Amino acid sequence: MGKGLFISIEGPDGSGKSTQIENIKRFFAEKNMEIVFTREPGGTAIGEKIRELILDRTYTEMDSMTETLLYAAARAQHVAQVIRPAIEAGKIVICDRFVDSSIAYQGYGRKLGSSVEEINKFAVDGCMPDVTFLMKLDPRVGRGRIDEKVQDRLEMEKDAFHLAVFEGYLELEKQYPDRILGIDASRTIDQIKLDIYEKLEALLKDGADEA
Ligand code: ADP
Ligand code: TYD
């Protein structure tokens, strides 16, 4: 689709996504390449409102399908208002989480299965990442890095939920090997950064060769 580039970053909570996103921003800044950075759930005024609703720790009664539809609603607005226009304008879009999060967390974690993929087909309407970096880290290690007091409603879930989410990510990596690039996130921040930089260089080179 489009002429731009769409990159998403995925992985369990605390797997180092935010840390490496800062490195990815630096990678493009050093090349004087402009990027559009955005995140899910959120990325638009409507999406940020939905984010507050979904992550509120007090809404323990939220039904799993309600949760799925809210993530998908935020995503539909995000694609329509931010992601698709940017890609069509030839920009590089970097997104912290996207559809794979819903498939892993709601499809596998909440056990809603393939309905999550179906619902999200409507939400994204064909707008899928060109490349996805998957930060692969045992979710128990990732969660150990997050302060329990600041955990949101999803992060508060038990280990079994987070292990099922991780299983979902590994399944997605197997299912979409051309799009999803697994990153061993158990290494040091600098080792991971070098790995991602190499992959980004290759990606830009491929794009240049195709042009
Ligand atoms: P996420 O955005 O995936 O939740 P963060 O980037 O916020 O993860 O990282 C969670 C915590 O782990 C932060 O305190 C961060 O400094 C730390 N961290 C990030 N990457 C690593 C790493 N490779 N090794 C050890 N600690 C890390
Ligand atoms: P995020 O703010 O990215 O959390 P973190 O920085 O700790 O990784 O995402 C908030 C939570 O929402 C996170 O636990 C993952 C979850 N989530 C879903 O369950 N489904 C989704 O579709 C998305 C985008 C996120």
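Points to keep in mind about this one:
- Per-residue packing, averaged as other Cβ atoms within 10 Å, sorts the ranges 156-163, 4-11, 17-24 into the order 4-11, 17-24, 156-163, beginning with the highest.
- Among Val124, Val79, Val141, the largest mean-square fluctuation in a Gaussian network model of the chain (Cα springs under 10 Å) belongs to Val141.
- With a cut-off of 11 Å on the backbone N, the residues of the range 81-115 near the modelled label site 7 Å out from Tyr176 along Cα-Cβ are 98-104.
- The range 1-93: C-alpha gyration tensor shape, a/c 1.5 cut-off, then a/b vs b/c: oblate
- Dipole of the chain, positive direction: furthest Cα of Leu163, Ala73, Ala202, with charges on the beta-carbon: Ala73
- Working note: Karplus 6.51/-1.76/1.60 with θ = phi - 60° gives the range 170-177 the couplings 5, 5, 4, 4, 5, 6, 10, x Hz, where Gly and Pro are set to x.
- Taken one residue at a time, the phi angles of the range 160-169 give Karplus couplings (6.51, -1.76, 1.60, θ = phi - 60°) of 4, 4, 5, 5, 5, 4, 5, 4, x, 4 Hz. Gly and Pro are set to x.
- Volume of the Cα convex hull of the chain, divided per residue and given in Å³: 117 Å³
- Where a label projected 7 Å from the Cα of Asp125 along Cα→Cβ would reach, residues of the range 1-27 with amide N under 17 Å: 1-3
- Seen against the Cα atoms of the chain and their longest principal axis, helix 45-55 is set at about 40 degrees.
- Rounded to the nearest 10 degrees, the inclination of helix 64-78 to the longest alpha-carbon principal axis of the chain is 30 degrees.
- Taken one residue at a time, the phi angles of the range 200-211 give Karplus couplings (6.51, -1.76, 1.60, θ = phi - 60°) of 5, 4, 4, 5, 5, 5, 4, x, 5, 5, 6, 6 Hz. Gly and Pro are set to x.
- Angle of helix 17-30 to the longest C-alpha principal axis of the chain, folded into 0 to 90 degrees and rounded to 10: 20°.
- Prolate/oblate/rounded call for the range 57-145, Cα gyration tensor, a/c under 1.5 rounded: oblate
Any read-out appearing in this document is the output of simple, stated calculations on the displayed coordinates, not a laboratory observation. All figures in this text were calculated on a predicted structure; none of them were measured in a lab. Ideal geometry is used to build each Cβ from the backbone, glycine not excepted, and the neighbour counts take in all protein chains shown.
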